[in-house]
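**Q** Quick one: this structure, given as structure tokens, is what I'll be asking you about.
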């Protein structure tokens, strides 16, 4: 195995590890934001002392600061992981060298424990058996885009269910408050709670997530079609391949964090679909 292939496999494995770390920070930040919003609701509906209100306010503020920090960690690590993935793909497909200085910096970004584990992708991680060439880059991008598009399509269904469920719960609470079953002061309290919960729902923004995933999946599908058309040409033009690869990279750099458990859940299904493609 030549040096470029070995370095590309290691860098690809490191990027996967960093992606998982980044995704963990993202969803942890979302959870903390929801908890902070919940504390704000509780603080506004209980009749506590000024000291209690102050404690809730300070705790909520600290949680929001922590959530902001975790999201910044996510963006930094996700950007690094995406840069590592791109360089790994170019190294594996085109035998482009990875400088020792850059590789040492990528290992540092992943952390001491990860760097010492000698992480590497298996040699057959990508299905293509082509020798390093523009055609191999094209086929690797096809496979990557296929998996990404399917993951986004499956994930958006979960997000849509979550959004509809949250709307249903809010609608049920408001309807219950307006039904006259409860006393007027209790109904006003319920409406007030809903008013306080709405910012939490909007901050999670599941509808925005759904629309974003749907848009990304459609854009990636368009790139896949262009890659397939280019593959059928008698001669694979390197410049055309690089343009389409750059378009794909533009989509995934602004992509959506996919949890590792979700990837594992749909791994076998997507693998079968890819083999039947």
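The values are calculated or read from the model by the stated rules, or taken from the named source; none is laboratory data. Just so it is clear, the model here is predicted, and its values are computed rather than measured. Neighbour counts are summed over all protein chains in view; Cβ atoms, including those assigned to glycine, are modelled from backbone coordinates with ideal geometry.
**Q** Quick check on the stretch 214-264: of everything there that is over 19 Å from residue 157 (Cβ atoms) and not in a helix (DSSP H, G or I), which residue is nearest to the chain's Cα centre (by Cα)?
**A** Step by step, filter the stretch 214-264, then rank; the result is 254.
**Q** May I pose another question? So is residue 202 in a helix (DSSP H, G or I) and at pLDDT below 60 or not?
**A** Yes.
**Q** Okay, moving on. Can you tell me which residue within the stretch 232-272, out of those that are over 26 Å from residue 81 (Cα atoms) and out of contact with any helix residue (DSSP H, G or I) (no Cβ under 6 Å at 6 or more places or on another chain), is surrounded by the most Cβ atoms within 10 Å (Cβ to Cβ)?
**A** Our first condition is that a residue be over 26 Å from residue 81 (Cα atoms); within the stretch 232-272, this holds for 232-237, 272.
Pick out the ones that are also out of contact with any helix residue (DSSP H, G or I) (no Cβ under 6 Å at 6 or more places or on another chain) and you get 232-235, 237, 272.
On the way: 232: 7, 233: 9, 234: 4, 235: 7, 237: 12, 272: 10.
The extreme case among them is 237.
**Q** When residue 254 is evaluated against the numbered criteria (1) at pLDDT 95 or above; (2) over 14 Å from residue 142 (Cβ atoms), which criterion, by number, is the only one it fails?
**A** The one condition residue 254 does not meet is (1).
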